[in-house]
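The values are calculated or read from the model by the stated rules, or taken from the named source; none is laboratory data. In this text the structure is predicted, and so the values were computed from the model without any measurement. Cβ sites come from the backbone with ideal geometry, for glycine too, and all protein chains shown count toward neighbours.
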């Protein structure tokens with residue numbers, strides 16, 4: 001017995017036919033349906049299977065059979081177990097006064113002034129189109145700032161200067177906060 005194509009797969013093929021051929025297919029289908037409905041002793045599920053090629057379930061058959069040895073799921077074994085939470089989106093702190101304060105400090109590499117506030121890109125996880133928080137800014141002169149951006153890999157650039165900018169940035173953040181409170 002060759003496999004039958006279900007109605008859902010054959011309808012698009014019929015719709016691609018020209019009108020006369022599609023009418024012939026519909027007439028043949030109507031004839032086949034009439035012979036199936038007229039045949040005595042066939043259950044409605046048998047008629048469905050014969051017409052569509054798909055197996056229908058009877059009323060007392062289960063759709064899914066129970067699994068004898070289900071895989072172990074620790075969340076299902078503990079009814080009060082908490083599901084792991086998705087980490088919240090990182091909040092980016094913005095403080096213009098802090099950025100101005102950082103710009104008044106000398107460059108952390110050469111000591112020149114004036115300096116610009118540089119955001120350390122590697123200090124926080126990346127976010128589409130968003131800078132890191134202003135708490136991760138360090139003062140760098142214009143020459144070093146341009147060099148840093150041209151270099152590309154910021155973490156290796158800082159490693160080549162033998163300076164760890166993260167503690168410097170956090171100390172400046174702490175100091176600017178204490179200045180604002182006074």
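Summary of values
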{"item": "Complete set of residues in segment 130-162 that are surrounded by fewer than 12 Cβ atoms within 10 Å (Cβ to Cβ) and closer than 17 Å to residue 117 by Cβ", "result": "130"}
{"item": "Residue that is surrounded by the fewest Cβ atoms within 10 Å (Cβ to Cβ), among those in segment 76-100 that are touching a strand residue (DSSP E or B) at 6+ places or on another chain (Cβ under 9 Å) and modelled with pLDDT of 90 or more", "result": "100"}
{"item": "Segment 100-117: number of residues that are touching a helix residue (DSSP H, G or I) at 6+ places or on another chain (Cβ under 6 Å) and outside any loop (DSSP other than H, G, I, E, B)", "result": "4"}
{"item": "Residue among 127, 123, 103, 115 that alone is more than 17 Å from residue 154 (Cα to Cα), surrounded by fewer than 20 Cβ atoms within 10 Å (Cβ to Cβ) and in the same structural domain as residue 152 (by TED's automatic domain parsing)", "result": "103"}
{"item": "Lone qualifier among 121, 126, 177 - being modelled with pLDDT under 90 and in contact with a helix residue (DSSP H, G or I) (Cβ under 6 Å, 6 or more places away or on another chain)", "result": "121"}
{"item": "Residue match in segment 146-155 (condition: at pLDDT 90 or above and under 17 Å from residue 103 (Cα atoms))", "result": "yes"}
